Amino acid sequence: MRIPLILRIGALVLATTGFYTYVGQMVPQKEVLPPRESTIGPGMTTDDMVRIGREIMEGKGLCLTCHTIGKTSGPLRFPDLAGVDSRAKTRVAGLNDVEYFAQSLYEPTAFVVPGFPPAMPPINKPPIGLTDQEILCVIAYLQTLGGTPTVTLETKHHYYGGGK
Amino acid sequence: MTQSVPRKLIILLALVAGLVTIAGTGRILHAQTPAPQAGAPAQDQSKPYTEAEYRTFPKVGSRVAIWAVAQLHLLFAAFVLAVPIFAFIIEVIGYKTGDLRYDRLAYEFTKLLSVSFSLTATFGAALTFMLIVLYPKFTNYLMSVFSPTFLPYVLLFFAEAFFLYTYYYGWGKFHPLLHLGLGLGLNLVGTAIMFIANAWLTFMMSPHGVSDAGAVLSLKDAIFNPTWMPINVHRVIANVAFGGSIAGAYAAFKFLQAETDEERAHYDWMGYIGNFVAISAFLPLPFAGYWLAKEIYAFSQTLGLTMMGGAFSWLFIIQAVLIGNLFLAANYYLWLGMGRVEGQQPLQKFIKYLLVAVTLCFMVWATPRSIIATVSEIRAMGGSAHPILGYLGVMSAKNTAVNILILTTFMSFLLYRRTGKVAAVPWAKKGHTAQLAIFALVALFVIFLGVYGYFVEATVRIKLSVPQVLSVLFAMISITAIDVFLFRGARRTGEVRWGHIPPISQYVLIFIAVTFTWLMGLMGYVRSGLRQHWHVYGVIRDRSVDAFTPTLGFATKVVSVTVLLFFLLIGVVFWISSLHDRPDFRRVKGSDDLSPEQTGAHGHDPRHARV
């Protein structure tokens, strides 16, 4: 029995879309939720800030979409952050690590690490839009990469509160 | 009787569809209307007016409902915008050469337009109403920014209807130049409509001309936002590729239905032209895609990296599978087409090398940077990237693969073009050598840049794609230019026998059309989904329950359902278009009833005969 043409074409269309749907199920499945608002409040210790800073870097801050921590092989798209605090202390004359990190986050094109594109967006503005306190937490975490965290929620830098 | 059964079935299906629509509308209204409370009229009167931010579409949710309707609207719109472009070009060729076959072909393409135009407008209206109902606050914002563009849009839409219907119904009724003028008008107006709509959607992705809080500072800047022109160019090219593939599928369907050699010859030729249009437009499409991606990165690195390195990076592996399939299928169709030409074809021996090149490039392009593996597998590999294959999953290798893929497909076209012909110009040997030299040098240059990319910093590596693209474009243009002169007055070694092609070639055309459609659905998703939890990126936040980005598996299911709906509807378009050629209905003598008996074309009950 010869299968009617319309059925043959229908089967081909179904099989093709079915195949592509199957390919779609084979890749990693990840649902990306909108960023959670972090709970930063008075009385938070530096250790708490480090923990929240890491969460922000992985989530709302989108930092680890571009940066790596401890990548040892292959080309880098943006600077690797392993040991970044030790470099931050001397990278720009006149800026200590906290001021350097603040400058990198609020005004990222003011100094660009040689060999990398001037591509980082200001983190305090949309679409990322971290608050001053969230940025302090990120700085606290960055200080743990090659150094010791010193910032608290009372720490002030040049960019804090719309400064600079 | 046999005719009345499907008619009854269609009426029944239409009734069921109508009832489902009414029931669905009722459900939405019911879901949005709070139940009245007895004994509280005074409270009702003092109830303040509150503006809804979102409303919910039953069962599938607002996002999926908007997604499906927008996708269907875009697919039909793409078809309606694309067909006039190549119908017009084919008509011009017919006018210039005086070959009536071209005129008939252009008319056959145009026949598909009028029903598709109605469906495009219907889905456009459905999309607008659904946006107003389901996302009122956001829609209101877009209206406040773009309201000055709405009246021109509507007026252009009227103009498009005028041009389309006069172009179609006026076929053969006007002076050819006047008719071509109508076709040109149709194309210009259609493109202008698309450009206006593109301003709205690109603004959502790369807003410009507004303050941080969303206040309009400059409508001109909002329209000329960073991704507007790249999307305009990308869509014009992609629409032509997509329209060509759907027209090719129509021809394939008619070929498989054909009962005479003449019909088969015509539809084989039509399918070839449709596929030629599709693949010709498809070859430069990745270059337009590069430009768009570059502008996205330039507008926001975050957006660019979300696309290529974040939540959507694996989507490009699916895209690679689709595009690889398109290239394979397009090449296979061309190779099958070489059999149309009488006699042994010496060029066919090159096919196996082209097949090897296409397959290798496909494999490189579809290699992911990191792979899904168990903990022990990752430990054994020394990371999520394979120690050897991982090097093929980076942009240096992928850019090289896609450029070689384009060059190879171009060579397939060239081989097909010269099948059954021998160049007769005195400089033929030099011409062939020059072509081969350009091809080899460009291929080597592209591969060299790909390898070089592994040894330089990111800032240098990113820029290497530009000379790769430009050199491939140079090869395509210069080799074609030489070919045109080389084969002028060429000696024929065998005639092209249209219709003499294996039936599987027609299924390949349908496969190409489905793959194109699916690809458009997927890339439409990434363009829109890229904004993630923003309606207007960085300006208007999405606070609805659908603000999350779904899994790729879910997205591909929605794309597939939409594609199937589209093909169901395009089947209806083909069927309605084919009614035009159907024999007229005839009253049986001695009976009061209209009989389904049919005569030959234009059967002759005066009430039904066409004038």
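Derivation of every value follows stated rules applied to the coordinates shown; laboratory data play no part. Everything numeric here is computed off the predicted structure, so don't read it as measured data. In this analysis, Cβ positions are derived from the backbone assuming ideal geometry, glycine residues included, and neighbour counts consider all displayed protein chains.
Overview of values
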quantity: Per-selection Kirkwood Rh - the stretch B:155-202 (Cα, Å, 1 d.p.); calculated: 11.2 Å
quantity: Which of A:CYS66, B:CYS361 has the fewest Cβ neighbours within 10 Å, and the rest in rising order; calculated: A:CYS66, B:CYS361
quantity: Within-14-Å neighbourhood charge of B:GLY489 [Cβ basis; K, R +1; D, E -1]; calculated: +4
quantity: Check: the stretch A:46-162 dipole with +1 on Lys, Arg Cβ and -1 on Asp, Glu Cβ, in debye; calculated: 360 debye
quantity: Averaged over B:301-308, number of beta-carbon atoms from partner chains that fall within 10 Å; calculated: 5
quantity: Which listed pairs, of B:LYS111/B:LYS421; B:LYS294/B:LYS398; B:LYS96/B:LYS173, have C-alpha distances above 23 Å, in listed order; calculated: B:LYS111/B:LYS421
quantity: In the stretch A:1-79, trypsin sites (Lys or Arg not before Pro) in a DSSP loop with at most 16 other beta-carbon atoms within 10 Å; calculated: A:ARG2, A:LYS30, A:ARG36, A:LYS71
quantity: The protein assembly as shown: C-alpha pair distances exceeding 42 Å, %; calculated: 40 percent
quantity: Under the Debye formula (equal points on every Cα, no solvent term), log10 I(q)/I(0) of the stretch B:342-495 at q = 0.11, 0.12, 0.14 Å⁻¹; calculated: -0.56, -0.63, -0.78
quantity: Nearby aspartates and glutamates by direct alpha-carbon distance to B:LYS430 (threshold 14 angstrom, same-chain neighbours under 8 apart not counted); calculated: B:ASP483
quantity: Gyration tensor verdict on chain B (Cα atoms; rounded if a/c is under 1.5, prolate if a/b is larger than b/c, oblate otherwise); calculated: oblate
quantity: Where GluC sites (Glu not before Pro) in DSSP loops with at most 10 other Cβ within 10 Å are excluded, longest remaining stretch of chain A; calculated: A:38-153
quantity: Given chain B, longest segment not containing exposed loop GluC sites (Glu not before Pro) (DSSP; at most 12 other Cβ within 10 Å); calculated: B:260-494
quantity: Set of lysines near A:LYS89 by C-alpha distance (under 18 Å), chain-local residues within fewer than 8 positions excluded; calculated: A:LYS156
quantity: Amide H partners (placed H, <5 Å) of B:LYS421, local residues excluded; calculated: B:THR493
quantity: Hits among aspartates and glutamates - C-alpha to C-alpha of B:LYS463 under 19 Å, sequence gap 8 or more where chains match; calculated: B:GLU295
quantity: Amide proton proximity set for B:VAL341, modelled H, under 5 Å, gap of 5+; calculated: B:ARG497
quantity: Cleavage-rule hits (trypsin sites (Lys or Arg not before Pro)) in the stretch B:101-173: DSSP loop, at most 14 neighbouring Cβ within 10 angstrom; calculated: B:LYS173
quantity: Interchain or long-range residues, amide H under 5 Å from B:HIS535's placed H; calculated: B:ILE540, B:ARG541, B:ASP542
quantity: Shape category assigned to the stretch A:46-162 from the gyration tensor of Cα positions, a/c cut at 1.5; calculated: rounded
quantity: For the protein assembly as shown, size of Cβ-based charge dipole, Lys and Arg +1, Asp and Glu -1, in debye; calculated: 1640 debye
